[in-house]
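These notes concern the structure reproduced below.
Just so you know, all these numbers are worked out from the coordinates, no wet-lab data involved. Treat the numbers as computed from the prediction; the structure is a model and nothing was measured. With ideal geometry, Cβ positions are generated from the backbone for all residues, glycine too; neighbour counts draw on all protein chains shown.
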């Protein structure tokens, strides 16, 4: 009997959060190991489905770097990066669009629909959702890599209002209609801001922001934007975590209420972060 009582307590703990976020938009950037490991992939989709069923309005923005690299390798083309961004020539941007808008996007849609809900996969080209301009990194031209300049929410809202879960591939176009590869973190942040989302959640391959990277128990569960600069100076936030945190701050700046960095390798990390008092990742608020 006790195990059933414990289960009931878990549901009761979640109740105030269900009430608080009912009808609210939550943007989830889906990437990393959570897209590769079949068990974790199933866990993430189950979490998204549950969020939808209890009244949330989830929007997924996904990456797919490993799939892109795999396809380029099959074509005999080496993947090259500059400051963490993929160098994207004309041939590569065609492959990126094919993999992200095709294979990866439709796979996620199918997973959701296999769990009983409706989803629609789009890219940023559909409905002119993601407008971009060429991105220069420290003055260096790395090809068809886009910097988001404008987000149109018309199509996303239409899908949400008709009870679909939007699944968005980070492909954008400029004013001339040229296709660009867009970093999924930056795309998710821009989309969340444009939607005035209640939450923006980054599923990553790290536990969150750790004071000591060798000790998972030192996770910083909450960080205010004005604390970030000092944490960078202290080398608490460093390396690849810096652009991730910058995306979090950009989301807050654009009006997102809370931004989370979660370990996507942990089963049901979305539910644990949103529906429990302690959470499992780092929240910027």
The alpha-carbon center of the range 248-285 and that of the range 124-201 are separated, in whole Å, by 21 Å
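State the antiparallel share, in %, of DSSP beta bridges confined to the chain, rounding to the nearest 5.
Counting only bridges with both partners in the chain, antiparallel ones make up about 35 percent.
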Computed over the chain: relative contact order in percent, which uses C-alpha pairs under 8 Å that are six or more apart = 22 percent
Among 158-166, 15-23, 68-76, 251-259, what's the highest-first ranking by average C-beta atoms within 10 angstrom per residue?
-> 251-259, 158-166, 68-76, 15-23
Folded to 0 to 90 degrees: helix 38-53 orientation relative to the chain principal axis, Cα | 70 degrees
What ratio of Cα Rg to 2.2 N^0.38 Å holds for the chain?
-> 0.99
Given labels modelled 7 Å from the Cα in the Cβ direction, how far is it in nm from residue 9 to residue 257?
-> 2.7 nm
For the range 1-156, the Cα-Cα pair-distance distribution in 5 Å bins from 0, as whole percents, is 2, 7, 13, 17, 17, 15, 11, 7, 5, 3, 2, 1, 0
Pull out the extension gain between residue 79 and residue 214, defined as 0.36 nm times the separation in residues minus the alpha carbon to alpha carbon distance; nm, one decimal.
-> 45.6 nm
By average Cβ neighbour count within 10 Å, what is the ranking of 56-64, 226-234, 266-274 from highest down?
-> 56-64, 266-274, 226-234
Taking every DSSP bridge whose two residues both lie in the range 157-285, the antiparallel percent to the nearest 5 is 45 percent
Two-site FRET efficiency, residue 2 against residue 268, from Cβ-Cβ distance with R₀ of 22 Å, rounded to 0.05 | 0.50
